[in-house]
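Everything on this sheet refers to the single structure shown next.
The values are calculated or read from the model by the stated rules, or taken from the named source; none is laboratory data. Just so we're clear, the structure is a prediction, and the values are computed from it rather than from any experiment. Cβ placement follows ideal geometry from the backbone for every residue including glycine, while neighbour counts extend to all protein chains displayed. In case anyone asks, the SASA skips ligands and DNA or RNA and just uses the protein heavy atoms, side chains included. Shrake-Rupley method; radii C 1.70, N 1.55, O 1.52, S 1.80 Å.
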Amino acid sequence: MRPPELAFVAATFLAAAALLAGMAAAEPFPAALTLERALPHKGVPAEHLRERDRARHAGRGLLGAAPAVAGVVDFPVEGSANPYMVGLYFTRVKLGNPAKEYFVQIDTGSDILWVACSPCTGCPTSSGLNIQLEFFNPDSSSTSARIPCSDDRCTAALQTGEAVCQNSDSSSTPCGYTFTYGDGSGTSGYYVSDTMYFDTVMGNEQTANSSASVVFGCSNKQSGDLMKSDRAVDGIFGFGQHQLSVISQLYSLGVSPKTFSHCLKGSDNGGGILVLGEIVEPGLVFTPLVPEQPHYNLNLESIAVSGQKLPIDSSLFATSNTQGTIVDSGTTLVYLVDGAYDPFVNAIAAAVSPSVQSVVNKGSQCFVTSSSVDSSFPTATLIFEGGVAMTVKPENYLLQQGSSDNNVLWCIGWQRSQGITILGDLVLKDKIFVYDLANMRMGWTDYDCSLSVNVTSSSGKNQFVNTGQFDVNGSPRYRSGLVPTGIAVALVHMLIFGVLGSR
């Protein structure tokens, strides 16, 4: 999903400064406050952060053709979960002939891969992420073809509301789309098919340069926050499970398994792992995905803080058209259904160390401490169907708002939601997540995402690690460096950038 520019506390930074300055009069807490942030210039008020998250909820994908053998496909990961540093994770895709690279946001809350096309109205021409933006031009690619409304793939998209056509019987009318996001921003364009390039690790322990013809969106108009350049990328890569997603396309073509995994590094430098394949780790636990849902819905049953189950009506988490629990890498923060929000925040406040000063400011629960968060704040647990637990460490629900000397101001980074609970990057970071679509289940475990991981293809026989080594019989057979094109080889190599921004 792509919610608008979220904002976690109204006038966060001004309020933080006033709060800490006021406390200095009563406590030995210096009035001079150094705010630590990296969102453009003067920080981002909480409303914008919330809006950005609301805007990340749309899009679907399509189908192509090209022979291939199922293997593991790897994509580089850049960006971070820190909304004051980046607030999104993105990868690179290589499209067209001659091929060009495009930076696209990793979004498990939507389905379509779309990139900005030339010409484009309202599309940014530069980015504050220190990346060079590209515009896809189907007329400049020898392998590109526009999808007409008469195409069966467009017909499928029309049935799910992912395409628009003035004349569905026309062989010349382009198959178009229009997506409007929660903040009023939007994108529109038409579908094209073209070649996507990537490297796969095959079941025979060999790497292969692979390509496949996929259908994706060619956006020629953007509006609202999508026009802003501060955290602009070339498009959005939807990792949803619908027929139109690139994940589904590549599986249908035999290129990759019906499983993908990620491990998003939580440090400010960010980076991580994104692979079409299943990360294999002993600590992984699995819970069923709710079937026949447009998103990755899970059955959340209860929440505990410091091992104590909270008094929350479990029916608040039941899946319906207006409520449920969604896992969404395209959302920066976490949104907790209204009836569960106050019990959660109150339990955290009641369980902090006695040395922590608790302060409520503009409706937001904040804390001041000079100690580490791990020693000062409790651990929470989300409990899903089957009794499967997800550990929520303090860094998964707190955001640092400012500091002065050794004192740091932390505030609850989870937001109140009406109906839908959304697990965004704040809680997804520093964990392996496996989306096992073949068995309709999702798995996770805490993990240091800067380390190597084992990954298997659909055969379940071969395993690989993100240093570029793979070995079935115990001896290294291949080691890759960073791929110049940025499209992954073997398994995962971490691409980490220092200061990046987010949409």
I'd like to know how the range 118-184 sits against the 2.2 N^0.38 Å rule of thumb: what's its Cα Rg over that expected value?
1.39
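Using a 1.4 Å probe on the protein heavy atoms, what percent of the accessible area of the range 119-165 belongs to carbon and sulfur?
Numbers: 1070 of 2400 Å².
Result for the range 119-165: 44 percent of the exposed heavy-atom area is carbon or sulfur.
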Residues whose modelled amide H sits under 5 Å from the amide H of Asn361, counting only those 5 or more places away in sequence or on another chain, are Cys366
The range 228-287, relative contact order [Cα under 8 Å, separation at least 6], %
20
Quick check on packing: order 118-128, 213-223, 81-91, 412-422 by the mean number of other C-beta atoms within 10 Å, highest mean leading.
81-91, 213-223, 412-422, 118-128
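For the pairs Lys94/Lys228; Lys258/Lys431; Lys265/Lys362, note any where the Cα-Cα span goes beyond 26 Å.
Details: Lys94/Lys228 24 Å; Lys258/Lys431 20 Å; Lys265/Lys362 31 Å.
Those over the limit are Lys265/Lys362.
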With the crude spin-label approximation of a point 7 Å out along Cα→Cβ, what separation in nm comes out for Ser140 versus Ala350?
6.1
When only Cα pairs under 8 Å and 6 or more residues apart are kept, what is the percent relative contact order across the range 95-254?
36
Distance between the C-alpha centers of the range 299-326 and the range 217-233? Whole Å please.
35
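When you count, for each residue, the other Cβ atoms within 10 Å and take the mean per peptide, how do 336-346, 355-365 rank with the highest first? Could you put the intermediate results ahead of the total?
Working: 336-346: 18.5, 355-365: 15.4.
Packing order, densest peptide first, comes out as 336-346, 355-365.
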Say each of Ala438 and Ser229 gets a label point 7 Å from the Cα, pointing the same way as Cα to Cβ; how far apart are those two points in nm?
4.6
Estimated distance in nm for a label pair at Thr121 and Asp448, the labels positioned 7 Å out from Cα along Cα-to-Cβ
5.3
Compute the Rg to Rh ratio over the range 195-298 from the alpha carbon atoms, using the Kirkwood formula for Rh, and round to two decimal places.
0.99
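Could you please report the charge total around Phe286, scoring K, R as +1 and D, E as -1 over all other residues with beta-carbon less than 14 angstrom from its beta-carbon? List each step's numbers first, then the result.
Numbers: positive: Lys431, Arg441; negative: Glu278, Glu281, Glu385, Asp436.
With Lys, Arg at +1 and Asp, Glu at -1, the neighbours total -2.
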What translational D, rounded to a whole number of µm²/s, comes out for the range 325-365 from Stokes-Einstein when the hydrodynamic radius is the Kirkwood one over Cα pairs, at 37 °C and 0.692 mPa s?
267
Go from 0 up to the bin containing the longest alpha carbon distance in the range 334-450, width 5 Å each, and give me the % of pairs per bin.
2, 10, 19, 23, 19, 14, 8, 4, 2, 1, 0
Counted charge near Phe136, where neighbours are those whose Cβ lies closer than 13 Å (Asp, Glu -1; Lys, Arg +1)
-2
